[in-house]
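Encoded as structure tokens, the structure appears first; notes follow it.
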Amino acid sequence: MKYVIIGNSAAAVGCIEGIRKTDTKGTITVISDELYHTYSRPLISYYLYGKVTPDKMLYRSESFYKDNNVQTLLGEKAVKINKKEVVLESGKKVPFDKLLIATGSSPFIPPMQGLENVKNQFTFMKYDDALAMEKVLTPASKVRMIGAGLIGLKCAEVVTKFTSDITVVDLADRILSSILDADAAAIMQKHLEDCGMRFFLSDSVSSFKENVAILQSGKEIAFDVLVVAVGVRPNTGLAADAGVTVEKGIVTDETQKTNVENIYAAGDCVVTQDVTFGGKRILALLPNAYMQGEVAGINMAGGHSELKNAAPMNAIGFCGYHILTAGTYTGEPIFECDGKSYKKLFVKDGLLKGFILMGDIERGGIYTNIMKKQIPLDTLDPQILAKPQLMAFDQKERKRMLGSLV
Amino acid sequence: MKKVYVNEERCLGCHLCEYFCGYAHSGKDSMEKAYNYGTPPVARIQIEEGDNINFAVSCRHCETPVCVKSCITGALSRDENGVITVDESRCIGCFTCILSCPYGSIVPDGEKPIKKCDLCVQNGGEPACVAACPNRAIVFEERGEAE
């Protein structure tokens, strides 16, 4: 059996580990346009900060490919998928019996007049982006970030280590609008301002005059480093050209199989059934990518596995202040806030649909479990809403959890 | 493999397991030194207290560990014996594992790497919480799935 994987990040690693659970003999080939051993994308901000050394960027050990008998084609770009082969830009053809498309996503750059003449502009998704920024950042840098989302603010956090001049512009009226409600965002914004960031919200760049940004509000801000982090788009072109159904992302069934025979897909490039939302959406999250990749790998190797109970989940911290969020913010909010800790649970039809924890994040996974499994809250002790605890489960379930093999 | 199991009917809620866990992982040569000088060590086991019932919770060393699958750096892994371990040199404290663990048994330690039960593999033999439990509410043994 010849397995081919396009991509070399979390979904690809999950797929390799999934395949090798059942098939130790088949050949696995990984194709990636990046030159690096599989590394953790979220670590690029930690690398730039100096908290993580290059050897600790690796998502799996240096012997990972060897241990799993994987051939790598690094620095090779896949340009076409034929019936039984992947065509590379170099002209090379890689035959497959089973293919995983794990092409991830790319930064979205909105049209902004004059952007082409801006010097020192960056996006922040890949190792090369961090290496390139490292070369230009100095204590005198004036940095402007477009986008106050997860990627933008992780990058801005690092920038505060280099320079005190960092301004973030976002079209939304609050920071981290994909994971925080207005109240939580206001608390985090205050924290980040205390760490040295400035924000222009409900605003955007209308044009650039070389290295001066002219905002919709009329403000003009000069800079010498620009980072564009407004969002990502799934890389679905290869899949679409091969006849794979693509909606907002690549469409698969619960086994990660696409509509095209022998082609699977996983990670940021696919749409996933979200148990809290009740529909399919892109869950561009590393754990989700790994788990989908693993499911795909098991199925590609002839086993059976399905991804169940997927939901959005984010764990992220900025300048020592941590956030856990999950699910969909719908229904009745149950809210508690004391000083720097913030907790909001969203309950609808007697089910936990989502939550935001900031500051005190201890044992948040208990809420995640209740949410993902959609356990009716009336079967649990009401104390669960006050504090995540196993005490809220009935005795039989507690005994299963703590007194048996799980 | 042998794992830590708890019996809530026997737990006195005395918290000795927490203190001995913290001490066992403190690197100090006495409990007095571990708890009275500097920041007290973080316990990887914690007692839940109810009106009439108490029990200890620590890593279940799951057969299919969602924390390992979710770890964004690869710091968490399941070794050949089934022990879920964290490579502290690779943990950045993002807390994705805390968001993922259904048992709430992975513990933050400020800005340091997360802490979790390692079954005292470094300390040899029986986990410290088991040895310290005065009422055999925590045991270290082989068991199967619940019926």
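Each Lys and Arg adds +1 at its Cβ and each Asp and Glu adds -1 at its Cβ; summed about the Cα centre, segment A:230-363 shows a dipole of about 260 debye. With an a/c value of 1.5 or above and a/b not larger than b/c for the gyration tensor axes a ≥ b ≥ c computed over the alpha-carbon atoms, chain A is described as oblate. Considering every alpha-carbon pair of segment A:320-405, the percent of pairs per 10 Å bin, from zero through the bin containing the longest distance, is 17, 51, 26, 6.
Short-range pairs are left out: with C-alpha atoms under 8 Å and at least six residues apart, the relative contact order of chain A is 15 percent. Working ranking of peptides A:198-204, B:33-39 by packing, defined as the average number of other Cβ atoms within 10 Å per residue, highest first, is A:198-204, B:33-39. Inter-chain Cβ neighbour count for A:394-403, averaged per residue, equals 5 (cutoff 10 Å, partner chain atoms only). Fully extending the segment from A:Ala140 to A:Lys119 would add 6.0 nm, taking 0.36 nm per residue of separation and subtracting the current Cα-Cα distance. Label-to-label distance for A:Lys248 and A:Ser63 is 4.3 nm, based on points extended 7 Å past Cα in the beta-carbon direction.
Averaged over the residues of A:363-374, the number of partner chain Cβ atoms lying within 10 Å of the residue Cβ comes to 5. Here the ratio of the Cα radius of gyration of segment A:60-125 to 2.2 N^0.38 Å is 1.62. Taking chain A as a Gaussian network of alpha-carbon nodes connected by springs under 10 Å, the highest mean-square fluctuation of the residues A:Gly339, A:Gly231, A:Gly50 belongs to A:Gly339.
Sorting A:Glu34, B:Glu145, A:Glu332 by solvent-accessible area of protein heavy atoms yields B:Glu145, A:Glu332, A:Glu34, largest first, with a 1.4 Å probe. Quick one: work out the % antiparallel among DSSP beta bridges in chain B, nearest 5. Counting DSSP beta bridges with both partners in chain B, the antiparallel share is about 95 percent.
Relative contact order of segment B:1-107: 24 percent, from C-alpha pairs under 8 Å at least 6 residues apart in sequence.
Of the residues A:Gln71, A:Gln395, A:Gln216, which exhibits the maximal mean-square fluctuation in a Gaussian network model of chain A defined by a 10 Å Cα contact cut-off? Largest GNM mean-square fluctuation: A:Gln395. Taking the empirical scaling 2.2 N^0.38 Å for compact globular proteins as reference, segment B:61-116 has a Cα radius of gyration ratio of 1.00. Extending 7 Å from the Cα toward the beta-carbon at both A:Ala240 and A:Glu193 defines two label points whose distance is 4.2 nm.
Using the rule -39500 (n - 2.57) for each DSSP H run of four or more residues, divided by the residues of the protein assembly as shown, the 222 nm mean residue ellipticity is -6500 deg cm²/dmol. Taking the DSSP bridge list for segment A:161-305 and keeping only pairs wholly inside it, about 70 percent are antiparallel.
With each label modelled as a point 7 angstrom along the Cα→C-beta vector, the A:Asp378-A:Gln71 pair spans 6.0 nm. The share of accessible area on chain A that comes from carbon and sulfur is 51 percent, using a 1.4 angstrom probe. Comparing A:Val275, A:Val118, A:Val136 in a Gaussian network model of chain A (Cα springs below 10 Å), the most mobile by mean-square fluctuation is A:Val136.
May I ask you to find the residues of segment B:92-107 that are shielded by at least 20 Å² of accessible area once the whole protein assembly is considered instead of their isolated chain (probe 1.4 Å)? When all protein chains are present, B:Ile92, B:Cys94, B:Phe95, B:Thr96, B:Ile98, B:Leu99, B:Pro102, B:Tyr103, B:Gly104 each give up 20 Å² or more of accessible surface.
PRE reach from A:Glu89 (point 7 Å along Cα→Cβ): which of segment A:21-65 fall under 12 Å by backbone N? Once the point is set 7 Å along Cα→Cβ of A:Glu89, A:32-35 turn out to lie under 12 Å by backbone N, inside segment A:21-65. Shielding by partners for peptide B:8-18, expressed as the average number of C-beta atoms from other protein chains within 10 Å of each residue's C-beta, is 1.
With protein chains left intact and a 1.4 Å probe, residues in chain B average 46 Å² of accessible area per residue. Within the protein assembly as shown, DSSP assigns beta bridges of which about 65% are antiparallel (rounded to the nearest 5).
Taking 4.7 Å between C-beta atoms as the pairing limit, chain A has these partnerless cysteines: A:Cys15, A:Cys155, A:Cys269, A:Cys337. For A:Asp183 and B:Glu49, the FRET efficiency from 1/(1 + (r/R0)^6), where r spans their Cβ atoms and R0 equals 35 Å, is about 0.70. The A-B contact accounts for roughly 3800 square angstrom of buried accessible surface, both chains included, probe 1.4 angstrom.
Which FRET efficiency value, to the nearest 0.05, is calculated for A:Lys25 and A:Asp128 with the Förster distance at 45 angstrom and r the Cβ-Cβ distance? Once the sixth-power term is evaluated, E becomes 0.80.
The values are calculated or read from the model by the stated rules, or taken from the named source; none is laboratory data. Because the structure is a prediction, the values reported are computed rather than measured. Here Cβ is always computed from backbone atoms with ideal geometry, including for glycine, and neighbour counts include all displayed protein chains. For the accessible areas, the whole protein counts, side chains as well, though only heavy atoms, and no ligand, DNA or RNA atoms are used. Shrake-Rupley method; radii C 1.70, N 1.55, O 1.52, S 1.80 Å.
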